[in-house]
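Report on the structure given below.
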Amino acid sequence: MIVEEVKSKYSGKLIVKKIWDWGWHYYVTTGVLSQSGGIINDLWKPVVSSIKYQVSSVLILGLATGTLAKLLKGAQITGYEIDPAMITISKKYFGLDKIPNLKIVNKDAKDFVGSYDVIFVDLYLGDKPPSFLYSDAFLKKLKKSGKTVIINHLFYDKDKKAKAEYLIGKMGRYFKDIKLQRVLTNVIIIGHV
């Protein structure tokens, strides 16, 4: 059932839905793509569990409703989210402002600052990543700022696969070790400095 619809300058229409799945749960969609909840949890859970070293600082570029942040235990988390409408509904329905050790930054992800153990990149405007994700300047900044960089990229049609493969190739120039993890309709690109 639709609970709220919010117009977003960045994501078009954000639709907050409430569903029954052994209890009532909220999730957010932009068009046909889910931005939160069960499927996003299913996407990030195996990735987070594959990190085998102690993480004390994390940057999330594309915080959305905080699904990923909730999976990260014990780390100091900085989350960048460009969309103030997403932040508002995330606080209202998902308790974004109640996640321990989370600092919410309402800015463009390309303007992030700091150094981190792990940087998660989950940037989408609808179903398209912003063009700067593929730029040398942004990839260099990621390499300089993170020990491990983990990028979520859609991988379900010819165009998205081609763009993901292009990004993987470019990341090979900046990261000494690249690993790929297929999860659902996505490819997770993991780069180690």
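Figures for the structure shown
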{"read-out": "Sequence ranges 166-177, 150-161, ranked by mean other-Cβ count within 10 angstrom, highest first", "value": "150-161, 166-177"}
{"read-out": "Peptides 83-92, 101-110, 17-26, 115-124 ordered by average Cβ neighbours within 10 Å, highest first", "value": "115-124, 83-92, 101-110, 17-26"}
{"read-out": "Segments 44-57, 129-142 sorted - mean Cβ within 10 Å per residue, highest first", "value": "129-142, 44-57"}
{"read-out": "Hull shadow area, averaged, the stretch 35-192 [alpha-carbon convex hull, nm²]", "value": "8.3"}
{"read-out": "Cross-link partners of LYS170 among aspartates and glutamates (Cα-Cα below 12 Å; sequence separation of 8 or more within a chain)", "value": "ASP136"}
{"read-out": "Other-chain or far-sequence residues with amide H under 5 Å of TYR116's (modelled H)", "value": "GLY146, LYS147"}
{"read-out": "Placed amide H near VAL183: partners under 5 Å, 5+ positions off or other chain", "value": "ILE188"}
{"read-out": "Dipole axis of the chain (+1 Lys, Arg; -1 Asp, Glu on Cβ), positive-most option in VAL16, VAL28, ILE104", "value": "ILE104"}
{"read-out": "Within the chain, helix-based [θ] at 222 nm, where runs of 4 or more DSSP H residues each add -39,500 (n - 2.57), nearest 500", "value": "-8000 deg cm²/dmol"}
{"read-out": "Degrees separating the helix 38-49 axis from the principal Cα axis of the chain, which is the longest one", "value": "30"}
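All of the numbers you see were taken from the coordinates with simple rules; none came from a lab. Note that the coordinates shown come from a computational prediction; the quantities given were computed from them, not determined experimentally. Glycine also receives a Cβ, built like all others from the backbone with ideal geometry; neighbour counts cover every protein chain displayed.
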